[in-house]
1. Scan the range 92-128 residue by residue and report those that are closer than 14 Å to Arg160 by Cβ, open to solvent by 20 Å² or more (accessible area, probe 1.4 Å) and not aliphatic (A, V, I, L, M).
2. Pick out the one residue from Arg177, Arg169, Arg232 that is of a type in the set (D, E, K, R) and either in the same structural domain as Ile266 (by TED's automatic domain parsing) or surrounded by 15 or more Cβ atoms within 10 Å (Cβ to Cβ) (or both).
3. Only one of these conditions is not met by Gly72: (1) open to solvent by 30 Å² or more (accessible area, probe 1.4 Å); (2) within 10 Å of the ligand (Cβ to nearest atom). Which number is it?
4. Are there strands (runs of 3 or more DSSP E) fully within the range 155-236 with at least 1 residues that are more than 30 Å from Leu278 (Cβ to Cβ)? List them.
5. Name the pairs: first residue in the range 127-148 and in contact (Cβ under 8 Å) with a residue 24 or more places away in the chain and on the phi > 0 side of the Ramachandran plot, second residue open to solvent by 10 Å² or more (accessible area, probe 1.4 Å) and among the acidic types (Asp, Glu), Cβ to Cβ under 6 Å, at least 6 apart or on different chains?
6. When the residues of the range 130-145 are narrowed to those that are more than 7 Å from the ligand (Cβ to nearest atom) and buried (at least 23 other Cβ atoms within 10 Å of the Cβ), which ends up farthest from Ala108 (Cα to Cα)?
7. Just one of (1) of a type outside the set (Lys, Arg); (2) within 14 Å of the ligand (Cβ to nearest atom); (3) open to solvent by 40 Å² or more (accessible area, probe 1.4 Å) trips up Pro46, so point out which.
8. Do we have Leu242 as under 27 Å from Val36 (Cβ atoms), in contact (Cβ under 8 Å) with a residue 40 or more places away in the chain and more than 24 Å from the chain's Cα centre (by Cα) here?
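The values are calculated or read from the model by the stated rules, or taken from the named source; none is laboratory data. Keep in mind that what you see is a predicted model, and the values were worked out from it rather than measured. We place every Cβ from the backbone using ideal geometry, glycine too, and count neighbours over all the protein chains shown. Calculation scope for accessible area: heavy atoms of the full protein, side chains included, ligands and nucleic acids excluded. Shrake-Rupley method; radii C 1.70, N 1.55, O 1.52, S 1.80 Å.
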Amino acid sequence: MNDKNKTIAADLAAGVSPETVIRCDEPLAPHTTLRVGGPADFFVEPVDEKDLVAVLRFCGEHKLPFLILGRGSNLLVRDRGYRGLVICLSSPEFARIEILDAKIRAGAGARQKALAVEARRAGLSGVEFLDGIPGTVGGALRMNAGAMGSETFDVVESVRVMDFAGNIRELKPNEMRVGYRCCALLKNHIALNAVFRCMPQPPAEIAARMQVFSEKRWSSQPAAPSAGCMFRNPSAIPAGKLIEELGLKGAFVGGAMISIKHGNFIVNGGSASAKDVLELVAQIRARAQAERGIDLHPEVEVVGED
Ligand SMILES: Cc1cc2nc3c(=O)[nH]c(=O)nc-3n(C[C@H](O)[C@H](O)[C@H](O)COP(=O)(O)OP(=O)(O)OC[C@H]3O[C@@H](n4cnc5c(N)ncnc54)[C@H](O)[C@@H]3O)c2cc1C
């Protein structure tokens, strides 16, 4: 760690409570499901909303770029890592799940799986499609994550958001510019928690539906490290089918390979670098454009420096 960053970390620590975690030179690969990428200059887990506000103010005053990190299951971090501050809402304060009659309030840092499991335990149906998505509630809101014919904002009643100046509001979905795999408002706001609308149903019926979803998912999706679907589905054809038709399944660059099981997944065989993955992405896009005239757009967000 260089002296300048040491001083910045000490200044930040002086303005927040001791429970807020602050680390320097934090490797980001273990914080992502694809498991590639370099370190963040600073990695911060604010203990509560008050400290989150203090961290945002600090970033503003010191002109430090920052990135909100969930489970890193839709992120590709470049090999030289992130020059700035990575903020992770993983403290218990941000991961709380509360049952409110037929509704559930879930913190942005809670895992989507935890939300689905708590709902099942409480006999509340509606969020079981989130069970197999390996991200957080915050990531589900930002990405409007979806599976099995449902998407996150189908069941969202309201979201508590903080802007980058620290102001908090509770918003309805129609105030948030929500679309396919995107909630535009959350590009410049932080989701703190959300209320999900559910329907009472016997836990055994919910469990049976989750089992069907799980079998469907694992019959078509690789288990190796990945960032899920690499590309958004173009209107003409699902991206995975297109990549399969181009004969690209199994193609690889270094340790990164297009999954044999699902053409839209790039898997890390263990030794992949971000550069390998990005080179493979470029090759797929070039072939899709040259042979089918289709411009594939990454769904996975690429951050950091080469
Ligand atoms: C094996 C596998 C299967 C997957 N299957 C699916 C699927 O079926 N359907 C689907 O939609 N996706 C799927 N994904 C992609 C991914 O899991 C989802 O997009 C997920 O919702 C991302 O959540 P995350 O916490 O990992 O977000 P991250 O990857 O950490 O972040 C994604 C984006 O959300 C932002 N963000 C995170 N938290 C917040 C917050 N609190 N406030 C504001 N912005 C925030 C980040 O800054 C970033 O821009 C899959 C991924 C994998 C690896």
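1. Glu93, Arg96, Glu98, Lys103, Arg105, listed by residue number.
2. After ruling out the rest, the residue left standing is Arg232.
3. (1)
4. Counting at least 1 such residues, we get 156-163, 168-171, 189-197.
5. Taking only residues 6 or more apart or on different chains, the pairs are Asn144/Glu151.
6. Among residues in the range 130-145 that are more than 7 Å from the ligand (Cβ to nearest atom) and buried (at least 23 other Cβ atoms within 10 Å of the Cβ), the one farthest from Ala108 (Cα to Cα) is Asp131.
7. For Pro46, the failing item is (3).
8. When the stated conditions are applied, Leu242 passes them.
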